[in-house]
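Quick notes on the structure that follows.
Each reported figure results from applying straightforward, stated rules to the coordinates on display, with no laboratory input. Since the structure is predicted, the reported quantities are computational estimates derived from the model, not experimental observations. Every residue, glycine among them, receives a Cβ derived from its backbone with ideal geometry; neighbour counts consider all protein chains shown.
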Amino acid sequence: MHDVISPVSEEIVATVPATSVEETDAAIERAQRAFESWRKVAPGDRARLLRRFAAVVDAHNEELAQLEVRNSGHTIGNARWEAGNVRDVLDYYAGAPERLSGRQIPVAGGIDVTFYEPLGVVGIIVPWNFPMPIAGWGFGPALAAGNTVVLKPAELTPLTAIRLGELALEAGLPEGVLTVLPGKGSIVGQRFVTHPLVRKVCFTGSTDVGKQIMAGCADQVKRVTLELGGKSANIVFADADLERAAAGAPGAVFDNAGQDCCARSRLLVQAGVYDKFLGLLEQSVKAFRCEDPSLETAQMGPLISSGQRESVKSYISEKEVLFTGTAPDGKGWWMPPTVVGARSTDDQHWREEIFGPVLSVMPFDDEDDAIRKANDTEYGLSGSIWTGDLGRGIRVARGVEAGNLSVNSNSSVRYWTPFGGVKQSGLGRELGPDAVAAFSEVKNVYFSTEA
Ligand code: NAD
């Protein structure tokens, strides 16, 4: 058994089982048996079951959100959005089973047809920072394509995933179609990689573990999707609406206490407006509400664990701190939003993914310099560009190496648009119209019409 601790109260909020290798194997075999039936469910019936699952999740939105606040310290506003996102993803992909059509390709002497076929059992490994959405981004399209799923939540944050597994059964999904297996990455997650019946692994987490998973999957030529770390840039040009960019910058990095793979944790400001922009930023950082996450006004809660807070603090040297926001004292793994000046692109806080409420800032000269500095990283997940010049917005968006960019906005995620990273931020895409195909195998069949 494994204790789950609240990052707000530092108290045990639940005790959950730690699944063993033998139990993982048994669950994978059950999922394989369930797959034999699930793949044959008529498309309309599969769609109806997914829609019912979405409705049940929706009916439990507040319960799931409160559970996430207790387990992960997410703000209640974010947690409601996260549970709503699972509903939306299920609803969206419920539209897929009846539309997943292959092609008829012209050939001589017969007919050539392609079919989308499910892969089998899909293993989904989820990190602790967004337990609900990342689970849903995997199981929504995977189930729609006719696969069954075994899902391992992070050790620190298993509660909402366990509840989603129960709600799937309540909605009428057959036993074994979605199985949640709390436990250790090195045991349950690793077994997804090595078990031959698991045909694809969807991993979201750190780049180092992602590399191990990819290497492990190579052994069986197993399909793998990797959603890994990030060190995204927020680029502010002098011709931007500086007030709007400064008002949005704290949320773009401190949301979820900076424990966000899309966090815009490197701020690049054009030299001519650097001081002015930092003045505006200081005001918005000081107004950013880091407080009890169950309060409706909260914009940021505590970090996930004391270890995570220690790790984040180790990146900060007092002399580099430009200004901070505020955070509660006392119990809970709190840390105030912190803005640090970078002197060089070699600074450790500028280069490494800190995964906490730390924003590194640096000036740039012109468009080329902005693109060069933004790309001077091993990561490439997301980022923002603020400018009043549409042409520049397009040029810079084309020049920055990242999977998801926004111009005059900090938003990264819409369930109907693709999401994923380049370079060491990942491999493959989730969400959007192509995700169901990513959980399918294309089979080509040639029918001869020759007598
Ligand atoms: P982590 O890599 O430590 O763990 C992620 C998951 O992998 C957990 O469930 C863990 O138990 C499991 N795991 C650990 N070792 C394993 C192994 N050897 N085999 C199989 N599974 C194993 O990451 P974390 O600390 O939970 O999450 C933070 C990281 O996730 C950050 O780097 C963040 O950027 C990244 N992340 C990326 C995205 C994205 O979409 N790109 C989204 C969220 C988080």
Volume per residue (Å³) of the convex hull spanned by the alpha carbons of the range 233-414 is 114 Å³
Flagged as over-length at 24 Å C-alpha distance, from LYS319/LYS423; LYS211/LYS443; LYS211/LYS231; LYS40/LYS443; LYS200/LYS423, the pairs are LYS319/LYS423; LYS211/LYS443
The summed charge of the GLY383 Cβ neighbourhood (under 9 Å; Lys/Arg +1, Asp/Glu -1) stands at +2
Output ordering of 21-33, 52-64 (per-residue mean of other Cβ within 10 Å, highest first) is 52-64, 21-33
Per DSSP, the loop-located GluC sites (Glu not before Pro) within the range 159-225 having at most 14 other beta carbons within 10 Å are GLU175
When TRP416, TRP386 are ranked with the fewest other C-beta atoms within 10 Å first, the list becomes TRP416, TRP386
For the chain, the Cα convex hull volume per residue in Å³ comes to 149 Å³
Residue-normalised 222 nm signal for the chain, counting each DSSP H run of n ≥ 4 as -39,500 (n - 2.57), nearest 500 deg cm²/dmol, is -11500 deg cm²/dmol
Quick shape summary for the range 234-297, equivalent ellipsoid via Cα gyration tensor, semi-axes whole Å in descending order, reads 23, 13, 8
Footprinting proxy, SER344, SER20, SER314, SER384: sorted fewest to most Cβ within 10 Å, the residues are SER344, SER314, SER20, SER384
Excluding residues fewer than 8 positions from LYS222 in its own chain, the aspartates and glutamates with Cα under 18 Å of it are ASP25, GLU29, GLU117, GLU430, GLU441
Taking Lys and Arg as +1 and Asp and Glu as -1, residues besides SER232 with C-beta under 9 Å from its C-beta add up to +3
Site THR114, offset 7 angstrom along Cα→Cβ, radius 15 Å on amide nitrogen, limited to the range 74-100, gives 100
Computed for the range 12-112: size of charge dipole around the Cα centre, +1 on C-beta of each Lys and Arg, -1 on C-beta of each Asp and Glu, debye to nearest 20, value 400 debye
Measuring from its Cα centre, the chain shows a charge dipole (+1 at each Lys and Arg Cβ, -1 at each Asp and Glu Cβ) which, in debye to the nearest 20, is 900 debye
Ordered by fewest other Cβ atoms within 10 Å, a rough proxy for footprinting exposure, HIS74, HIS2, HIS195 read HIS2, HIS195, HIS74
Descending packing, highest mean Cβ count within 10 Å first, for 142-153, 117-128 is 142-153, 117-128
